[in-house]
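All remarks here apply to the structure that follows.
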Amino acid sequence: MATPNVLRAGLLAGLLVGVGCSPDSGASSEAGADDDANAQETVDTEQVPVVRQDVVESSKVVANVGYGATVTLPLQAEGIVTWTPEHRTVLRSGDVVVEVSGRPVVLVIGDSPLYRPLRLVASWERDEAGSKIGSLAGADVAQLQRHLLAEGFDDKGRLEVDEVFGLSTHRAVKDWQASVGHPATGIVDTSQMVFMTTELLLQSQQVVGQQFTQIDVTGTETVLRVVGSTTLREFFAVGSTVDVLADSPVEGVVTSSVRETRDDGQVGQLIEVTVEGVAPEELGQSVEVVGSITRASDALTIPVRALLALSDGGWHVEVITASGTKRVPVELVQVVDTTAVVSGIDEGDEVVVPL
């Protein structure tokens, strides 16, 4: 924020409205003093204590309500749709996403995507350089192993989550495939499973009896989308908590803030806020959201209207004393909305503020 010496003329004018100037401004004649006294008598005032507090600035914006971005699941299934969940079904780990030609595609929730076919590498396999190919290993293999164990396919107790696709994993995969109607090849790909990081909400529904095309989903949590200027970034920082002004106010968490160039060439900010425990239907199509930032911590504060301007560009305030009032010089550190951060007076002092 600007210091007193660089405050814009508009701010100065706003600060001076109704609060007058110091006698140091040159009005030193006895008649001028009498005029000042008469002016003071006509101005209603109140006494406000100097408070030590955090100074917070807020920004209120309108957000569109929904479930966040729609994504298409990376499925390789081909054939006729034989079964599909209903629209807006919540899909959890182990649920069937769609059944194509009588064979289910299952959702597995975890941190790793299914980015390659998972299979047992034969001892004789070589790469292009002629080197022996080692066993498939990694987080995706561990995710598959955890799913197999959860579904009860443990290769007669021999399967472990060791991140290595070995014989036990191979046998467990074949057992699972045989039980659900897939050819028991021991190879898992995205025609049989899809690995995602969270539960999903089905946003498109395939038609039974028609050729399979695609499955569109969103997350299950309520997501508020804000489109505004880049100045919103500091008020809606990723990870910060914001206030959602619904009929019953709730809190949200900023999960995304991205600078974007719009179709008209203007640069703006796209912000997403996640709200837990409240369905979009409870909030309506749009809702107001308030983001805040702390401008000063543990600071001495007074109302801006308590400030009186000095002719040299400084400031003072009228402090209540046992015998009346006295004018005390203060340093203006910054102004946030209608609050001034100052130094030069003490916490608990009372200052005169024009109404």
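Ser168 meets the stated requirement of being among the polar types (S, T, N, Q), touching a residue at least 12 places away in the same chain (Cβ under 8 Å) and more than 23 Å from Pro85 (Cα to Cα).
Say whether the condition of being out of contact with any Phe, Trp or Tyr (no Cβ under 9 Å at 6 or more places or on another chain), free of Cβ contacts under 8 Å to residues at least 40 places away in the same chain and either over 27 Å from Val90 (Cα atoms) or not small (Gly, Ala, Ser) (or both) is met by at least one residue in the stretch 142-151. Yes, some residue in the stretch 142-151 is out of contact with any Phe, Trp or Tyr (no Cβ under 9 Å at 6 or more places or on another chain), free of Cβ contacts under 8 Å to residues at least 40 places away in the same chain and either over 27 Å from Val90 (Cα atoms) or not small (Gly, Ala, Ser) (or both). Within the stretch 87-124, being of a type outside the set (A, V, I, L, M, F, W, C), surrounded by 12 or more Cβ atoms within 10 Å (Cβ to Cβ) and more than 21 Å from Thr198 (Cβ to Cβ) holds for Glu99, Ser101, Gly102, Arg103, Arg116, Pro117, Arg119.
Can Pro303 be described as out of contact with any helix residue (DSSP H, G or I) (no Cβ under 8 Å at 6 or more places or on another chain), without any contact (Cβ under 8 Å) to a residue 24 or more places away in the chain and surrounded by fewer than 18 Cβ atoms within 10 Å (Cβ to Cβ)? No; evaluated as a whole, the condition is false for this residue.
Residues are listed down the side, and each one gets a yes or a no for (1) farther than 30 Å from Leu202 by Cβ; (2) assigned to a loop (DSSP other than H, G, I, E, B); (3) within 37 Å of the chain's Cα centre (by Cα):
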site	(1), (2), (3)
Ser123	yes, yes, no
Glu128	yes, yes, no
Gly152	no, yes, no
Arg158	yes, yes, no
Asp162	yes, yes, yes
Arg171	yes, no, no
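Within the stretch 195-210, if we keep just the residues that are within 26 Å of Ser112 (Cα to Cα) and among the β-branched types (Val, Ile, Thr), the residue that is surrounded by the fewest Cβ atoms within 10 Å (Cβ to Cβ) turns out to be Thr197. Of the strands (runs of 3 or more DSSP E) lying entirely inside the stretch 211-266, those containing at least 3 residues that are β-branched (Val, Ile, Thr) and touching a strand residue (DSSP E or B) at 6+ places or on another chain (Cβ under 7 Å) span 222-228, 241-244, 250-261.
Looking at Val317, Val328 in this structure, which one is touching a helix residue (DSSP H, G or I) at 6+ places or on another chain (Cβ under 6 Å), surrounded by 13 or more Cβ atoms within 10 Å (Cβ to Cβ) and in a strand (DSSP E or B)? Show your work before the answer.
Numbers: Val328 fails: touching a helix residue (DSSP H, G or I) at 6+ places or on another chain (Cβ under 6 Å).
The match here is Val317.
Where a number appears in this text, it was derived from the coordinates with a stated rule and is not lab data. All values reported here derive from a predicted model rather than from experimental measurement. Using ideal geometry, Cβ is built from the backbone for each residue, glycine included, and neighbour counts are taken over all protein chains shown.
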